[in-house]
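Report on the structure given below.
Please treat every number below as a calculation from the coordinates, not as lab data. Quick caveat: nothing in here was measured; it's all calculated off a predicted structure. With ideal geometry, Cβ positions are generated from the backbone for all residues, glycine too; neighbour counts draw on all protein chains shown.
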Amino acid sequence: MITLLLIFLATVGVTAQEDYKEKRDIKETYINNEFHEVQKVSSANFETGQKPKNIILMIGDGMGTAQLFATYTANGGTLNITNMPFSGFVTTQSADDYTTDSAAGGTALSTGQRTYNGAIAIDVNKKPIPTILEIAEKYGKATGLVSSSAITHATPASFIAHNESRNNYEAIAADFLKTDIDIFIGGGKEFFEKREDGRNLLEELKAKNYQIFDSISEAHGSEEPPLAILTAPKHNSTWPERGELIPQGTAKAINVLRQDKDGFFLMVEGSQIDWGGHANNTAYIVKEALDFDKAVGVALQMAAKDNETLIIVTADHETGGMSIDGGNFEKGEVHAKYTTGGHSAVMVPVFAYGPGAEHFTGVMRNTDIFHKMMTLFEFQK
């Protein structure tokens, strides 16, 4: 009986974190009443063969071409993402499934290896694989993570943790203590302080000299790493309720990381594009993707000034099997249909800007993103 109760409680905990996959709040039409400004950036300052000092990898979770074009339409036919000069496509399959999940998809991007669905930066034999964040740290670069989900969720976790299951949130949180990440911003505070094992990871982070904040505004004026900004007990709320968390978080992370003379690696995730796809909710998808595009704009403006930062925008997979069957650029109106409440197996887009951007064209595997970053950073694994 006790065993059954423990299994039930564990299942409830997992469901609480993954319940966005169960909510089919189908809405097919969305009209955007507020276009955001998109500023063109010049790529004239970058020469072919130039290597970046910094890399910002921006992942629109669940963002396929339909999600992107819906957002493009809703913003009047322009986005920061689509202003990036180099683009291609990425195949997303995992090691054990034609259709990947976010854990295996994130792991492919972070480690250059395909693994089984549910795995966090481990291979098919459950052996840990070094991530681009860990390798960058080893070579003296500053590192950071920003996410609109819990920072322990599948995609950000795959850059900093190693676990056989994406659902082991407390173990994933503990892996943060095994690194010297300079800044991380996202939800999931409960997994650091209200834990079954009784550890208070916030106190352990403080012992490692981390400044800990509950919001980006609370951290205003604090630019000295390391910083942990845990913005929600579990997941953050949807946009616009959560405010400008991702654009502001991107700016905050860049300001902290750019102080390192050796450069930095930053991963930024727009998590909830995926959740809108699971819900087959066009408004949810587009609002989240618009918010993500604003964050891309923040990164592009910085990169255009320093001429040494490569920005890569891609997705781990597509969600919802979304298609666009109507729209109006002038009205910001888009109408969509869906084939699934889960993920699909189609290719996703990749866009790049800055030194090294010319390498991100054509059709590539998700694992190629990692290997291209490694080559451009001139790391030896």
Test each condition in (1) at negative phi; (2) over 17 Å from the mean Cα position of the chain (by Cα); (3) not in a helix (DSSP H, G or I) for A136 and report the one that comes out false. (3)
Within segment 337-353, identify whether any single residue is farther than 18 Å from F86 by Cβ, buried (at least 18 other Cβ atoms within 10 Å of the Cβ) and free of Cβ contacts under 8 Å to residues at least 60 places away in the same chain, and answer yes or no. no
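Restricting the search to segment 172-210, which residues are assigned to a helix (DSSP H, G or I), among the acidic types (D, E) and in contact (Cβ under 8 Å) with a residue 12 or more places away in the chain?
Of the residues in segment 172-210, the ones assigned to a helix (DSSP H, G or I) are 172-178, 190-193, 201-207.
Subset that is among the acidic types (D, E): 175, 190, 193, 203-204.
Residues satisfying the conditions are D175, E190, E204.
Filter segment 44-66 down to residues that are under 30 Å from S344 (Cβ atoms) and among the β-branched types (V, I, T) and give me whichever is nearest to the chain's Cα centre (by Cα). Break it down into steps so the answer makes sense when it comes.
Of segment 44-66, the ones under 30 Å from S344 (Cβ atoms) are 55-66.
If we keep only those that are among the β-branched types (V, I, T) too, we end up with 55-56, 59, 65.
Details: I55: 14, I56: 11, I59: 4, T65: 17 Å.
It comes out as I59.
Can you name the residue in segment 64-105 that is touching a Pro at 6+ places or on another chain (Cβ under 8 Å) and not hydroxyl-bearing (S, T, Y) and, of all such residues, is farthest from P128 (Cα to Cα)?
Step one: filter segment 64-105 for residues touching a Pro at 6+ places or on another chain (Cβ under 8 Å), giving 64-65, 68, 87-90.
Filter once more, so that each one left must be not hydroxyl-bearing (S, T, Y): 64, 68, 88-90.
Values: G64: 29, L68: 33, G88: 29, F89: 28, V90: 24 Å.
That would be L68.
Results for (1) among the aromatic types (F, W, Y); (2) touching a residue at least 24 places away in the same chain (Cβ under 8 Å); (3) surrounded by 19 or more Cβ atoms within 10 Å (Cβ to Cβ); (4) outside any helix (DSSP H, G or I), shown as yes or no for each residue.
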residue: H335; (1), (2), (3), (4): no, yes, no, yes
residue: P355; (1), (2), (3), (4): no, yes, yes, yes
residue: V363; (1), (2), (3), (4): no, yes, no, yes
residue: F379; (1), (2), (3), (4): yes, yes, no, yes
So, of the residues in segment 220-229 that are touching a strand residue (DSSP E or B) at 6+ places or on another chain (Cβ under 7 Å) and of a type outside the set (V, I, T), which turns out to be farthest from K208 (Cα to Cα)? S222
Restricting the search to segment 143-171, which residues are part of a helix (DSSP H, G or I), closer than 22 Å to S215 by Cα and out of contact with any Leu (no Cβ under 8 Å at 6 or more places or on another chain)? A154, T155, A157, Y169, E170
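Does T91 meet the test of being touching a helix residue (DSSP H, G or I) at 6+ places or on another chain (Cβ under 9 Å) and within 21 Å of F264 (Cβ to Cβ)?
Numbers: touching a helix residue (DSSP H, G or I) at 6+ places or on another chain (Cβ under 9 Å): yes; within 21 Å of F264 (Cβ to Cβ): no.
No.
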Subset of segment 276-331, residues in a loop (DSSP other than H, G, I, E, B) and either surrounded by 21 or more Cβ atoms within 10 Å (Cβ to Cβ) or touching a Cys at 6+ places or on another chain (Cβ under 8 Å) (or both), comes to A279, N280, A315, D316, H317, G320, M322
